[in-house]
1. Please give, to one decimal in nm, the separation of the simple spin-label points placed at A:Asp430 and C:Gln184, each 7 Å out from Cα toward the Cβ.
2. Please report the spacing between the Cα centers of region C:358-386 and region C:272-346 in Å, no decimals.
3. Got the relative contact order for chain C handy, in percent, Cα pairs under 8 Å and 6 or more residues apart?
4. Could you work out the pair-distance distribution P(r) of region C:327-374 from its alpha-carbon pairs, with 10 angstrom bin width and percents rounded to whole numbers?
5. Which percent of the Cα-Cα distances in region A:198-327 go past 17 Å?
6. Would you list which aspartates and glutamates come within 18 Å of C:Lys131, measuring only between C-alpha atoms, while excluding same-chain residues fewer than 8 positions from it?
7. Rounded to the nearest 0.05, what FRET efficiency do C:Glu297 and B:Arg331 give with R0 = 60 Å and r taken as the Cβ-Cβ distance? Could you check?
8. Given points 7 Å out from each Cα along the Cα-Cβ axis, report the B:Arg60 to B:Leu347 separation in nanometres with one decimal.
Amino acid sequence: MSFGHRYDVIVIGAGHNGLICAAYLAKAGRRVLVLERRHVLGGAAVSEELYPGFTFSVASYVVSLFRPHIIRDLDLARHGYHVIPMDCAFQPLPQGRGLARWSDPDRTRREVAHFSRHDAEVYPEFSLAMTRMGLLAKAVIDRAPPVLGSLRPSNVRAWARLGRAYRHLGPHLQHVAQKLFTMSAADFLDLWFESPILKGPLAASGIIGTFKGVRTPGTAYVLLHHYMGEIDGAFRSWGFSRGGTGGVSMACARAACAYGAEIRTEASVSKVLVQGGRARGVVLDNGDDFEAEVIVSNLDPRRTLEGLVGAPHLPSRLTEQLRRYKYDGSSGKVNLALDGVPTFACRPSVGDHMRGDIVIAPDVDYLERAYDEAKYGTWSSRPFINAVIPSLTDPSVAPPGKHILSCFVQYAPYHLNQGTWQEERDRFGDAVVDTLASYMPDLKDRILFRQVLTPWDMEQQFGLTEGNIFHGELSLEQLFFQRPVPGMAHYRTPIASLFLCGSGTHPGGGIMGASGELAAKTILGHPT
Amino acid sequence: MVGTPFYSRQLRLCQSMRWKLWSGFYAVDSYLLEHDLEYFALRSAAGLIDVSPLCKYLVRGHDSAALLSHIMVRNIAKLGVGRVAYTCWCDDAGKVIGDGTVMRRDEHEFLVTTTDPCFSWLCRFLYGYSARVHDVTDDLAALALQGPYARDILVSVSGTAIGDMRYFAARDVLVAGRPIWVSRTGYTGDLGYELWIPRADALDVWDALLTAGQSYALRPAGLMALDMCRIEAGYILKHVEYHSALHALIEARKSSPYEIGLGWTVQLDRSPFVGQRALQLEARTRSPWRLAGLDIDWSETEALYRRHGLPPALSTEPWRTSIPVYRDRARQHQVGYATSGTWSPLLKKNIALATLRTNCAVPGTRLQIAMQVEHERHAVTATVHSPRFFDPARKTSVAI
Amino acid sequence: MSSPWDTIVIGGGLSGLSAAVTLARADQRTLLLEQRAATGGLAAPGRFDTGAVAPPVRQDNGMLPLGLLRHLRLAKHGLTAKHAVPALHVLLQEGGCITVRSNASQTEASIARHHAADAKNYRRYAGLAQKVAPALARLLQHPGPANGIRALPLILKGLRWWKMPAMHELLRLAPMSAQDFLDQWFVTDSLKAALAIPAFQAAWGGPFYPFGALHILIQEALSSHFVTGGMAAVATSLERAAVHHGVTIQTGNRAERILLASDGTVRGVQLADGATIAAPSVIAACSPRVVYQQLIEHRHLDQGFLWQARHLKSRGTTAHLALLLNSVPEALAPRARCAPGIEALEQSFDKMKQGEIPEAFALEIEVHADPPALSVLAHFVPHTVQGGWTSEARRELAHRILAPLKPHLPGPVLSSRLLTPEDLELDYQLPGGHLYHVERSPDQMLAQPLHGWKPPAKGLYLASSGTTHGGGSVCTSGLVAARALLRAKKQSRLEMRRTRRF
Ligand SMILES: Cc1cc2nc3c(=O)[nH]c(=O)nc-3n(C[C@H](O)[C@H](O)[C@H](O)COP(=O)(O)OP(=O)(O)OC[C@H]3O[C@@H](n4cnc5c(N)ncnc54)[C@H](O)[C@@H]3O)c2cc1C
């Protein structure tokens, strides 16, 4: 076989993980080629001008868990990484003034005390417990996970490290940790709080991106994500990327190029060539082919192994496991261009409460009802919505006086039991706008442009299998040393020299960059 | 953020524009450009301090005494009506969660005051007791009237003979025709009273006091002057001298009452209370830490400045950063840390409160405290002292 | 303080009785207090309005740990074990019925009449259960003091036989929902729904809820020891054994408080009438929530501990309906299950969450011969229905439970007795009305240092379905607690002797 071009490493897909992986490899002196199917870089972390003058964070909309050491390692700030922190999480309510939670604890206490004095005071205790849990999780997410059953010294050390982190918690927090990893978000919050209203937005962060309800066991641990930033040394890590989340990806891309990587867009890989159990190169849709020592895929495990490699090259056990690996996308996105700031009926001023996270999750039961509706295969008529108005903080994304309202919506199950998403798309979009309009009466009059992304659209546009935003459900049996599937948790695949670096690997989804970094280190043979 | 009930008055009086946040309230750090004038008012005439941000809870019900005895390290059941007790409360491991005062209003009603919210902690123990906890923080304004002339001012404004009121006593008094609660307590270590005023009457009482106080050189005083006074008096402050066990991120940040100078409030041999078992154990052994005062040697300080050709220039503001304390001048063996300190204008001493290893906390022991003079780190001798640097007889005496 | 009793056992259910027998056999002077009129707890037979004996709430799920019970010599007191697993009829929604027997090829044949692929897969499914059985048995019936993280070595030991892939297999399977788990093998909806029932029994959640697979596996793996006469027979023989060994049983006597000395050791028990009985140790064989929320004075408990105790979950979703019949319904005997289908059940669960009475239930049916009667456990009944359990609501509930069974009954229902979760709560002192006292959700099963074995006060032991060893595995917790108590006694005796020597 002869190839057109030779590289040390080919990275398939220019999601932020792929780009970070490429940057680390290029920094280590490898000749790296990144191949991206679309005309833009970033995958699900992408900015696009969908309507003249408006730059949308089309898919992901806030940056949360981006690993700060990657910013330092790759000097991303120099390449344009710029995240503006959010100060508030605002939950409008049908009655009263709604609930805003601020960075300042006293201010938050005052707000929460309107609903429950007890909760207001326990809130710091809860945050403290979560911070301690975060320290435990940090020991997990910044490293390749140890596996079961291997007695390799590095593996044993990794377990020992985890054991120490766990022991360090002390009996009470160990108990909390055990609960955190097994309970549902709603049950876990019940351990602290009494007000269903406060529990609403808190529990909501446990279901983002999963097809589970707030009362489904296994959702509690996702709450941790909100507290991880506090301990990263990158305080206030929740924020808007300037110029949309694509800004993060572009910074990664510039860093990669600066280290010498080559990036090609509109280069859709159709096949990974396997010879003698080794990946030798890739073939594009247009027939071009490239050869490399190592192939890294930023796509999710099923797309990579079944789509690009093909079942004949895989052990049958693995095909079976891949078939069982759960995607079940459940989220939609509605992007709106507005000709002015909408007003909340419950807190009409244009204030700081609108500059952060806006959560439509009035209480726990609302969320559970949204799930109950969706679990049989229809979209929630009164969905959970997480909205942001980035243009109030970052003027670069919309023309002066105009605004962007970006709404993440759940639940919109990928598998509809009736109809198709093409047919349902607009009605789903209407339901979202109606729900929002019940809190912002003037919203509908301000809409200049609307984009509705259903899980089906996300699959088409971003290549997210079944529209799962995290490349596979973040449920307990698909995490840690079992992500994506048991026995394949170290970024490796059964095909020698083919690696995975997307969100379908440990530690999972979100604009984190950890998968890309850890994959690169695995390839380079660095200890992780 | 919100102002206290006195906010409108303070806004006019606060020339320095120096404010602070206290439990989510705006509080004046110092009214005047020179805060030590307020300090001198407190020490030589009288000062009026707005302490409304204190958290206040009314505990009512048949079992309220039993409930509070269960929560507090002090046996509140024995507290007489019209008396106030200073106490702290702990978690199961005997680590302090908060400190404050408990006033017995009558057989079945208590007022608990403290710096940080503790409503949910008090409520945690309600099960099995016939008692209720009401948060009256926003309903009650609070003023501290402190200083040698505090009594005279209070007498003149209330027209009541309160001269016989003993230290830590409480009673109802009419001020400007408004019924308020007065307790002979305070945070300055001097003669003084704290006034608990229904929110609606707050401004009237404030005005009446300031008017009557004119004849006694009364001044409104801010938190900076208060801080200087409390350090002189050896009173600890939460978040500075100790951290609540509920909010401490690591074990090492928790303290037992014995370690922060509150050992005397613990009454061990009685009905069960939270932390009893752990405290019994600790009382029998020796706690590793002790609260102590440090008298930082002035002539050494002066000499250090002189080496640079400078006159000694210490800030007159109180500080609360943690400063290491060593056994030796070479700064090799750390034996503790100072938590807050101030130049005491009255004593003409540079003093600090410190947490020290128990064996080093004996008064008279000479230790070394780190000090930075003109960009250089040095050590200065600091002699261990009882935390009560200033303790006048009038603090507790009764006028006849 | 000298006392006529060495130990007081609070609660005369199966756990309490087995604890009492174990103690009495070790010559402990034992007093057993039971608040109801008879011992047996949920295994005690009831009465129909007509006066006839009604089957108990607790059905024989085949998980009686006979190996452990052997030393109680229950055979001598009238208990006979059946060594074959009795047939289980699964009534299909679309009519007809599948009979599951211990003989897999017979079962296969029975399923094959409805669905060929399901029949083939049944063998694989049953094989899996066999594979995990030994490990699960070690885990759940091991009488050692294991709970929380301290159970870890035990778990690892339990998994020792397994080759790595099998271990990964359990880790992968256990967190699955009943739906996902059963979908791997079966197509027939009501067969899947029927097989999923153990999950609903164990923890709050519908067939879509994670960790259902774990409970199904436990049931399939450990269900092997049935007894003649059902759970009532176990209760009777245990009571006989207790009397035989000299246990004093006081029924109709309710413990109101466990008295503790100021150093936190047990002093005795206070009764409802205010009288106190002194004893140096107490085994509380009632719901842990009752123990922590009513029996022990809070001032004796640590805050951290109380915090955990206060949040024990015990949301009961099961009702019991006993039916008195003319003759034995052969189509259902000896036991049967009936459920409309996975998705329909999830919908019932949703209804239940909102406090409504669902249309259809997951039913577990046990047939009793003397007198001819049915015991029916219905899952997804709300604890409290909107508007309360009025007589109309109760009638409606009974009617809906009965509907799918009607065609299989030989004659009219002579009398019936319905217990909603709320009734169970009140009758049996089960806060929340959960049959296992507290839910067997993953967080409460493994991650429960609290209501496991370690007592919060010296001399107090917990033994009930609500403990780590409780739940499906009847009696184990009683034995575990009694043995722990005896061990502690022996240790303190030894220590005393040692100090006396010096
Ligand atoms: C609607 C939505 C909202 C989200 N919100 C947030 C949020 O607010 N905060 C947050 O932290 N996370 C959020 N996420 C999750 C986060 O965006 C993703 O987990 C993350 O971006 C995934 O990054 P990745 O690099 O692993 O993969 P991707 O970004 O999916 O990258 C894969 C890349 O591969 C390319 N590709 C696919 N097929 C081929 C092929 N055959 N050949 C070549 N290239 C190919 C794709 O075009 C894509 O660029 C959200 C996701 C979605 C969808």
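1. Taking the simple label geometry, A:Asp430 and C:Gln184 are separated by 4.3 nm.
2. Between the Cα centre of region C:358-386 and that of region C:272-346, the gap is 17 Å.
3. Working: 1074 pairs, mean separation 118.7, N = 502.
It rounds to 24 percent for chain C.
4. Final binned percentages: 27, 34, 27, 12.
5. Details: 6265 of 8385 pairs.
Looking at region A:198-327, the distances longer than 17 Å represent 75 percent of pairs.
6. Within reach: C:Glu169, C:Glu220.
7. Numbers: r = 52 Å, r/R0 = 0.87.
That gives a FRET efficiency of 0.70.
8. Reported label-point gap for B:Arg60 and B:Leu347 is 4.4 nm.
We did not get these values from a lab; they are worked out from the coordinates using the rules stated. In this text, all values refer to a predicted model and were calculated from it rather than measured experimentally. Quick reminder, even Gly has a Cβ in these numbers, built from the backbone with ideal geometry, and neighbours come from all protein chains shown.
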